[in-house]
Structure formats: structure tokens, C-alpha cells
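S.K.: Here it is, the structure, as C-alpha cells.
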Amino acid sequence: MVFASPKIVGFHISHLGFFLTAFGDSIVFGHLGEYAETLGFTTDKGAYLYSVIGISVMILKLLQGVVLDSRGSTVLPIKLAIFFFFLGGMATLILFVSNEYILLLIFAFIFGANTAASGGAVVVGILETYYGYEHLELTFGVNLAVIGIGNLLGSPIAGLLFEAYETYTPVLILFCVTKVLSSLCFLLVYKFSSQTQKTYITEVKLPQKEAFLEDAVLTLTSGEKVPLLVETHPRRYSDVISENMDTLL
């Protein structure tokens, strides 16, 4: 029996997460305006929600780019994905609290922040960190295909749910579930990869090299020569004081 390597398993799980988040985003982009109309708001107010989403995406993409450009950790992109995808799913609870228009605007802004993490620097950072820069063209191509399929299926399936139940409640639940599951997929990749890396580092033992000293040069048995930076006979503190006694007085 042949078992897939941890990296391949992580690749499939992470792209399942990309598919789910694209699927959920497609639901909102396709139905948010109509959902607002079912609550009694005008078409113009429904359209304003998409403007808020666009503004949020622009702001958050810039902020995420600045943060990732100055990051000190290579795992920050996947942490951002975990946080914002989960936040996008949980924001659905706002829509169940009240039908006030201000809450729709808040949801649109949070959803835009979630959407900003669905592409750009965050995605490239995840692919580079876990699958290597040398494979970026291949992994990013697969990523675009997966996201495209998710965008293609999300809105039509949500429309079928609405026609079957004549309410947007199951549609909102579907959006929430897909975003939370997407966040959990990336959490699994992050946790599993971190644990695998720790285990690997613990098990690997570097071969010891013998060395000998000659003329203040450390010569390894492999032939490599390294200058000695440490004195073989450290000077005592009392000797230094004696030599500089005149200056001290």
C-alpha cells in the first residue's frame, strides 16, 4: 500500500480550503443584493453593499500587503487566512440578529476583509511557504483553477436552495458552514505541518566532525579551514588591570 506524503496531503487539504472559501464568496456576491431586497430595502441600497465590500477589499489588501512585506514569520499568511475566513463565516451571525441596514453594512465590510485574504499576497505566501518558490507556477495555476470552480458553483447552488425553501436562511447557513470549514482546513495544514517539522528536526542528527588546531586555524577533517576567533589562553582580569594601571591612576 502506497501512502501519500504529508506535503501532498497538505496540498489537497489547503486547496479544499481554497475551494470552500471561493464557494462561499460566490454565494454572497451573487445574492447579497437580492437578500437586501427581500428585507424591504431598495435596489440602490443593495448595490451600496457591494461598494462597501469593494472599499473593504481595497483597504485590507493594502494592509495585508504591508504586514506580509515586513513579516518576520513565514507562517503569517496562513494565520491571516485562518483568521479572516473564520471571521467571514461568523459574520453571518450578524444577519440573524437583526434586519437593520447598518448591520448589513457591517457584514459587507467584514466580508470584504475576508475576501481580501482569498487572493493576492496571502495566497502566494501560503503556496511559497508550504510548497516552495520553485513550484509556485504549478501550485498557483492549480489554485486559480480550484477557486474558479468554487466561484462557478457557489451562487447557482445557493439559488437552488432559495427556490426550494423560499427563504435565504439555508443560504446563509451554507455560507457560514463553508467559510468555517475553509478556516479549519488551513488550521489543519498549519498544525500538521508544524508538528511534522518539529518531529523532523528532533529526529535528524548532524554528523560530528573531528577537528584539530594549527596556527590559530580550526581545520576540519573534511579539509575545511575556519579561523579561530577565540583565544586559546584567555587573559586574566588582573593582568589587564596591571597593564592599564597608569591610565587608571
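The values are calculated or read from the model by the stated rules, or taken from the named source; none is laboratory data. Computed from a predicted structure; not experimentally measured. Note: ideal-geometry Cβ built from the backbone for every residue, glycine included; neighbour counts use all protein chains shown. Ligands, DNA and RNA are excluded from the accessible area calculation, which covers all protein heavy atoms including side chains. Shrake-Rupley method; radii C 1.70, N 1.55, O 1.52, S 1.80 Å.
S.K.: Relative contact order of the range 1-129: what whole-number percent is it, with Cα pairs under 8 angstrom and at least 6 residues apart?
M.R.: Working: 102 pairs, mean separation 41.4, N = 129.
After rounding, I find 32 percent.
S.K.: Provide Rg over Rh for the range 1-69; use the alpha carbon set for both Rg and the Kirkwood Rh (inverse mean inverse pair distance). Intermediate values should be presented prior to the final figure.
M.R.: Details: Rg = 18.4 Å, Rh = 15.1 Å.
Over the Cα atoms of the range 1-69, Rg/Rh equals 1.21.
S.K.: Based on alpha-carbon atoms only, what is the radius of gyration of the range 41-124 relative to the globular estimate 2.2 N^0.38 Å?
M.R.: Here the Cα radius of gyration is 1.19 times the empirical estimate.
S.K.: What are the ³J(HN,Hα) couplings of the range 177-190, residue after residue, when phi is run through the Karplus curve with 6.51, -1.76, 1.60 and θ = phi - 60°? Round to Hz, x for glycine and proline.
M.R.: Whole-Hz 3J(HN,Hα) from phi for the range 177-190: 5, 5, 5, 5, 4, 4, 4, 5, 4, 6, 5, 4, 4, 5.
S.K.: Also, I was wondering about something else. Quick one: accessible surface of residue 90, probe radius 1.4 Å, all protein chains present, in square angstrom to the nearest 10.
M.R.: Result for residue 90: roughly 70 Å² accessible.
S.K.: Could you work out the relative contact order of the range 91-166, using alpha carbon pairs under 8 angstrom and six or more residues apart, expressed as a whole percent? Write out the running numbers ahead of the final one.
M.R.: On the way: 20 pairs, mean separation 11.4, N = 76.
This gives 15 percent for the range 91-166.
S.K.: Output ³J(HN,Hα) for the range 147-161: one whole-Hz value per residue in order, computed from phi by the Karplus curve 6.51 cos²θ - 1.76 cosθ + 1.60 with θ = phi - 60°, and x for Gly and Pro.
M.R.: 5, x, 5, x, 5, 6, 8, x, 5, x, 5, 5, x, 5, 5
S.K.: If you plug each phi of the range 112-129 into the Karplus form 6.51 cos²θ - 1.76 cosθ + 1.60 with θ = phi - 60°, what whole-Hz ³J(HN,Hα) values come out, in order, with x for Gly and Pro?
M.R.: Running phi through 6.51 cos²θ - 1.76 cosθ + 1.60 with θ = phi - 60° gives x, 4, 5, 5, 4, 7, 8, x, x, 5, 5, 5, 4, x, 5, 5, 5, 5 Hz.
S.K.: Mind ranking 20-29, 97-106, 184-193, 33-42 by how tightly packed they are, going by the mean number of other C-beta atoms within 10 angstrom, highest first?
M.R.: On the way: 20-29: 25.6, 97-106: 13.4, 184-193: 19.1, 33-42: 15.1.
Answer by packing, highest mean first, reads 20-29, 184-193, 33-42, 97-106.
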